[in-house]
Amino acid sequence: MRRIVLDTETTGLEPESGHRIIEVACLEMDGRRATGRHFHRYVNPERAIDAAASQVHGLTAEDLADKPKFADIAEELLEFVEGAELLIHNAPFDVAFLDAELARLGRPALGTVCTVSDTLAMARDLHPGKKNSLDALCDRYAVDHSKRTLHGALLDAQLLADVWLAMTRGQETLDIAMLSAQGTSMALSEAPREGALVVVRANDAERAAHAAMCERIERESNGKCLWMHLATA
């Protein structure tokens with residue numbers, strides 16, 4: 001499945017008040033693997049940027065005066081995301097801004113060319129009652145976000161991709177094309193039969209993902225997650 005991790009930065013909080021997109025970033029994934037393809041543009045919003053917003057992302061109208069307008073990048077953006085599943089943290093926010101920009105150009109809404117999954121809603125299902133901001137999730141899943149002194153669409157998309165992989169590890173079915181029955185048989189038959197046993201220990205992100213999955217199983221099974229009970233025994 002083709003997925004696109006997407007993030008935006010804006011002049012303010014409300015598209016219905018005329019606030020605009022100033023940065024958009026998209027990272028492409030094939031299944032659970034990054035392809036290396038990305039789309040990243042700064043945008044001239046054709047209006048002032050709220051001071052509070054500038055404090056978040058560090059961008060001013062002067063910084064963007066020579067950048068293309070959204071109308072200049074819209075077609076390329078739509079072609080990049082067409083047919084993909086978009087992964088967006090707090091998707092209603094970004095989608096509202098993108099739909100408002102498209103409406104100004106007389107274009108149909110974003111949902112007509114792709115599907116959208118909200119990683120914030122996913123995180124809230126996994127961690128009810130806890131903080132589920134991008135920074136909080138980076139801490140929870142041991143994703144290094146030390147460079148995130150300011151918000152930026154490209155950096156935030158990269159961090160979200162790592163967080164999403166950690167949140168969903170173990171929930172995807174195996175790719176049969178990559179792990180065919182023949183391939184499995186060969187791997188077993190060619191495995192060394194002698195020598196010291198190699199122990200591969202889980203890293204911090206894998207342990208965090210396992211703990212999150214145990215919490216979900218415990219919740220959905222009404223307290224019958226064996227792993228959690230063995231860990232506390």
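Bear in mind these aren't lab numbers, they're just calculated from the coordinates by the rules spelled out. Computed from a predicted structure; not experimentally measured. Glycine also receives a Cβ, built like all others from the backbone with ideal geometry; neighbour counts cover every protein chain displayed.
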quick shape note, segment 1-140: Cα extents on principal axes in Å, largest first -> 40, 32, 27
Diffing segment 20-26: the Karplus 3J(HN,Hα) column from phi (6.51, -1.76, 1.60, θ = phi - 60°), in whole Hz with x for Gly and Pro, holds 10, 7, 10, 7, 9, 9, 9
When VAL56, VAL24, VAL95 are arranged by how many other beta-carbons sit within 10 Å of their Cβ, fewest first, they go VAL56, VAL95, VAL24
Quick calc, ALA96 & CYS214: beta-carbon distance into FRET formula, R0 30 Å, rounding 0.05, result 0.30
Taking R0 as 25 Å and r as the Cβ-Cβ distance between LYS130 and THR60, the FRET efficiency 1/(1 + (r/R0)^6), rounded to the nearest 0.05, comes to 0.10
Kirkwood radius from Cα pairs of segment 69-154 plugged into Stokes-Einstein at 10 °C, 1.306 mPa s, gives D in µm²/s equal to 108 µm²/s
